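One structure below.
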Amino acid sequence: MDKSMAVPPAGCPPLTNAVYLRSLLARHGVRPRRAGGQHFLVCERVTAAILEAIENGPSYITELGAGCGALTGPLLAGHYTVRALERDRQLATVLLELTPEAARERLQLIVGDLRYEQWAWEEPWQLVGNIPYQLSGFIIRHLTQLEPPPALAVLLLQREVGERVCACEPALQLLGLAVHLWGSARALLTVPAHCFWPAPQVDSSLVAMQPHTPPRWSLAERERVLSFAALFFRQRRKQMGGVLRRQWGLPDIEAERLLRSAGLAMQQRPQEVAPAQWVKLAAMLRT
């Protein structure tokens, strides 16, 4: 598969060129809507990193927040088949106009809200996107619930969210637990705010997430564990033993026995508990 980078129509700079992008959008009467999370990627290094991350994976791609095609174009040039989701009809029009006729048969352009559209393919697939920050939590949770899951997801996230997703114990958070029950996550790049136009107020992180193959726990079991763990994370400053005493009315001797069975101590806090320990503890308290 030829993974060479694409550019807009011959002779034009790439869409990661901020000057060209501003001119292009102005000609189409498009003004970025910060409130809608529209921050266009203007850094070829990041685009190249995404392409490198997915290059050994399946050729079917779902792209979230395609914009006017800064990533869609290179994906199509690399002979991927792309389902591009974009809510803004004006941007979708620009994207389609910039897509070479020969590549359009491999493009499914869906104008709609990504929260209500189909992400998964029947074929093995991958997920990419420069996503609206305000939808990060929804997107990551939805990712962990997809069946079949993508072979790999490579997403641009707000840096703080990326850190939460990648963190393990003793800094685990509930969103990270959802990911680590499902698979693994690692940060590929820190992406400064100036790599976007208009620039957001915070830096971003390019994060790769990959499901366990085969799954270690079923979707139903993962969701049950997350609901259980949420009771503890709402009191993340509290010790595990104290939460068991208050939430379940367990005497200390019984709480200590349960925690010891999961390899935990009364004094530990929720962020210090490993995913497998959450699974074991949830199972013991279910019976």
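Values for this structure:
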{"quantity": "Residues of segment 174-229 classified as over 24 Å from residue 148 (Cα atoms) and part of a loop (DSSP other than H, G, I, E, B), total", "calculated": "7"}
{"quantity": "Selected residue (only one of 150, 170 is assigned to a loop (DSSP other than H, G, I, E, B), in contact with a Phe, Trp or Tyr (Cβ under 6 Å, 6 or more places away or on another chain) and of a type outside the set (A, V, I, L, M, F, W, C))", "calculated": "150"}
{"quantity": "Counted residues, segment 86-111 - those being closer than 16 Å to residue 65 by Cβ and among the basic types (Lys, Arg)", "calculated": "2"}
{"quantity": "Breaking point among (1) within 17 Å of the chain's Cα centre (by Cα); (2) modelled with pLDDT of 95 or more, for residue 55", "calculated": "(1)"}
{"quantity": "Answer from 229, 283, 255 - the residue that is farther than 30 Å from residue 134 by Cβ, in contact with a helix residue (DSSP H, G or I) (Cβ under 6 Å, 6 or more places away or on another chain) and free of Cβ contacts under 8 Å to residues at least 60 places away in the same chain", "calculated": "255"}
{"quantity": "Within segment 1-52, considering residues that are in contact with a His (Cβ under 9 Å, 6 or more places away or on another chain) and modelled with pLDDT under 70, the one farthest from residue 197 (Cα to Cα)", "calculated": "1"}
{"quantity": "Top-ranked residue of segment 107-147 - restricted to ones that are polar (S, T, N, Q) and closer than 20 Å to residue 203 by Cα, ranked as surrounded by the fewest Cβ atoms within 10 Å (Cβ to Cβ)", "calculated": "134"}
{"quantity": "Residue list for segment 66-86, filter: in a loop (DSSP other than H, G, I, E, B) and not hydrophobic (A, V, I, L, M, F, W, C)", "calculated": "67, 69, 78, 79, 80"}
{"quantity": "Boolean, residue 83 is free of Cβ contacts under 8 Å to residues at least 24 places away in the same chain and in the same structural domain as residue 149 (by TED's automatic domain parsing)", "calculated": "no"}
{"quantity": "Qualifying residues in segment 230-272 (those that are among the polar types (S, T, N, Q) and assigned to a loop (DSSP other than H, G, I, E, B)) - the one surrounded by the fewest Cβ atoms within 10 Å (Cβ to Cβ)", "calculated": "267"}
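The values are calculated or read from the model by the stated rules, or taken from the named source; none is laboratory data. The structure displayed is predicted, hence computed values, not measured ones. Glycine also receives a Cβ, built like all others from the backbone with ideal geometry; neighbour counts cover every protein chain displayed.
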